[in-house]
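The values are calculated or read from the model by the stated rules, or taken from the named source; none is laboratory data. Bear in mind that the values here come from a model prediction, so they are computed numbers and not experimental data. When we count neighbours, we look across all protein chains shown, and the Cβ atoms used for this are built from the backbone with ideal geometry, even at glycine.
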Amino acid sequence: MSGRARQVEDLEELAVRLASRSVAAPARPAPPPGARPARAPAASPRPPAAPARAVRAEAQTRRLLTFDRVFFAAAALLLWAGFATPTERYISPTRGVGYALGIIGGSLMLLLLVYSLRKRWSWLGFLGSTPAWFRFHMVLGILGPLCILYHSNFGTGATNSNVALFAMLTVAGSGFIGRYFYAHVHYGLYGRKLELGDLRAGTDNLRGLSGSMSFLPELVGRIEASEQRLLNTGPHFALLGFLKPPVVALATVRERWRLHRYLRRALKAGARSSPVLAAERRRLTRAARSYIDRRLAATKRVAEFAGYERLFSLWHALHIPLIFMLIIAAVIHVIAVNVY
């Protein structure tokens, strides 16, 4: 069972329980003397029980060990080992393993270009799918610089090698930034590009749950007002569109704090006058907070979408020239090492 389906079930169950207990709460007036006692109403059938906890627990389990996480952890460990160990005692850039690492690292960085070629030329389909090459592109973007760092003993040297090293580090750092932007305009890391209509459909589906929040009718109106403020947040000038994501993120934090504060106060005030609300206050708080967070997160992604599209396009325009600068610097370094 997905998180959204579980949330729908919890909200509907709480709404039904509050409604049934509110109807049963008022005490019946005593019958007048001599009146015939009224028959007890027939017991209404109980609502069906919720799914078993075991099914929920099984649905909640997620894969903790994925290829991306294991690979990133291994790369971070190798990076730390290279910094902490005096590699110059064991590796020489001019011969043996150190020289081989330089050739391997440079070859891996050249292979990065195959992804760009595969993406633009459909006749290269025999090499594999574009998503597979994108994953391989990111793997090479970590392995290549790692080999070069071991080749250089994690230090600087001659001018031509320093230029090539810093160009490589700039390209690698740019790749990490681009990965972050890419994930905000695509379905996951390897999915197709998002469309604004898809994001708006997700927020409309969450708005369909507002009927389950009948125990706090004013909350729905406050959430909708907060969503409208988020959608109108940020610079509206096209050239400043890249500033919208951080501005919207800060506004989302503010709106979430406001709604959570209202929820606490409203449930606290309601619990004083309603024993039914007091008995379910903890579960209501948890379910309502989850609902608030989901709706604000969906609206935040809609509001940020244009800004991330702008950022990704600016990053792409900068990343490609950096790669060609890296290739030129690497070629000059190889010539300088082998000729002079």
Original post:
Among all residue pairs at least 6 apart or on different chains, which show Cβ distances below 9 Å where the first residue, located in the stretch 279-296, is surrounded by 15 or more Cβ atoms within 10 Å (Cβ to Cβ) and the second is outside any helix (DSSP H, G or I)?
Top reply: E280/F215; L284/F215; L284/L216; A288/F215; A288/L216
Original post:
Just for the stretch 311-340: of the residues that are of a type outside the set (A, V, I, L, M, F, W, C) and out of contact with any Leu (no Cβ under 9 Å at 6 or more places or on another chain), which one is surrounded by the most Cβ atoms within 10 Å (Cβ to Cβ)?
Top reply: H319
Subject >> Where R265 falls short, out of the listed (1) modelled with pLDDT of 80 or more; (2) within 28 Å of the chain's Cα centre (by Cα) >> reply: (2)
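Each row is one residue, and each column tells you yes or no for (1) modelled with pLDDT of 85 or more; (2) under 30 Å from G155 (Cα atoms); (3) in contact with a Phe, Trp or Tyr (Cβ under 9 Å, 6 or more places away or on another chain).
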{"residue": "Q60", "(1), (2), (3)": "no, no, no"}
{"residue": "D68", "(1), (2), (3)": "no, yes, no"}
{"residue": "A74", "(1), (2), (3)": "yes, yes, no"}
{"residue": "L77", "(1), (2), (3)": "yes, yes, no"}
{"residue": "S122", "(1), (2), (3)": "no, no, no"}
{"residue": "G125", "(1), (2), (3)": "no, no, no"}
**OP:** Report, by residue number, each residue of the stretch 120-142 that is among the basic types (K, R) and over 29 Å from L101 (Cβ atoms).
**Re:** R120
Original post:
In the set G34, G82, G106, which member is at positive phi and either at pLDDT below 80 or surrounded by 12 or more Cβ atoms within 10 Å (Cβ to Cβ) (or both)?
Top reply: G34
**OP:** Could you tell me whether any residue of the stretch 95-117 is closer than 29 Å to G307 by Cβ and either of a type in the set (S, T, Y) or touching a strand residue (DSSP E or B) at 6+ places or on another chain (Cβ under 9 Å) (or both)?
**Re:** yes
Original post:
For the subset of the stretch 168-182 comprising residues that are surrounded by 15 or more Cβ atoms within 10 Å (Cβ to Cβ) and among the hydrophobic types (A, V, I, L, M, F, W, C), which member is farthest from A306 (Cα to Cα)?
Top reply: M168
